[in-house]
Every structure is written in C-alpha cells, then in structure tokens.
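Written below as structure tokens is the structure these notes are about.
Please treat every number below as a calculation from the coordinates, not as lab data. All values reported here derive from a predicted model rather than from experimental measurement. Every residue, glycine as well, gets a Cβ built from its backbone with ideal geometry; the counts of neighbours run over all protein chains shown.
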Amino acid sequence: MTQPLGQLAPTRLTLVGTNTGVINNDAASVITQSLTTAAGTNVTITINSPQINSSSIVLATIQNGSNNAGTPVLQLVTASGSSQGVGSVAFLIANTHATNAFNGSLEINFVVLN
C-alpha cells in the first residue's frame with residue numbers, strides 16, 4: 001500500500017503495558033506507555049508491520065507526550081524483515097538528561113519508504 005507522500009494517512013497507536021505494537025500502514029503516530037527510563041539509559045520501542053522490510057527507509061521524529069522530565073533523543077532506527085513477511089522497526093530512545101528519569105509517554109511519528 002505505497003502512497004505518494006502527500007496522501008499518507010497515519011495510523012494512531014497507543015501502547016498500553018508494552019513497548020511493542022502492530023500497525024498495517026506505512027505511516028504512524030505512536031504514543032508509548034508511561035515510561036520511567038532513568039537518566040543515561042535507553043528504552044526500545046518496536047513496531048511490527050507488513051509494510052516494513054530490511055530495505056525500508058524509516059524516517060522518524062520523537063517528542064514528549066505526557067512526559068515532562070528527562071531528555072528523549074531518538075538514537076537509532078532499525079528496520080528488519082523480509083519482503084514476504086511482517087517486518088519491524090525498532091526505535092532506540094536515549095534519556096540523555098544528567099539526573100531526571102522520564103515520567104510519562106513519548107510520541108514517535110514515522111513514515112516507511114520502500
């Protein structure tokens with residue numbers, strides 16, 4: 001279901017009690033569960049989708065949802081999978097703040113280019 005960039009209709013997904021979700025679209029806005037990632041550590045959010053394969057390019061941004069502590073930085077985006085099955089994208093998010101842990105949700109917006 002590849003569409004021209006001007007016609008994307010992102011899926012909205014809220015993760016509850018997990019850091020993993022599933023979408024069936026090539027664009028999404030993902031709200032994480034409430035995170036308490038300590039300063040200087042990382043959390044990984046994984047999204048499975050039939051639109052993603054090992055040669056996909058995933059463009060992503062991150063911002064605070066309900067979180068108002070710590071400093072979220074999107075460190076690494078890794079796409080994997082085969083052209084015939086469900087692939088996934090893993091978002092490695094670092095809390096680069098010196099002392100404060102996250103205290104809420106984050107929002108990851110992304111698009112998959114094939």
- Query: What is the order of Ser56, Ser66, fewest Cβ neighbours within 10 Å to most?
  - Reply: Ser66, Ser56
- Expected max-MSF residue from Gly21, Gly70, Gly40 in the GNM of the chain (alpha carbon, under 10 Å) is Gly40
- Message: Using the basic label-point model (7 angstrom from Cα toward the beta carbon), what is the Asn19 to Asn114 distance in nanometres?
- Response: 2.7 nm
- Message: Along its three principal axes, how long is the chain when you only count alpha carbons? Whole Å, largest extent first please.
- Response: 43, 24, 23
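Can you sort Phe102, Phe91 from fewest to most other Cβ atoms within 10 Å of each residue's own Cβ?
Values: Phe102 26, Phe91 23.
Going from sparsest to densest Cβ surroundings: Phe91, Phe102.
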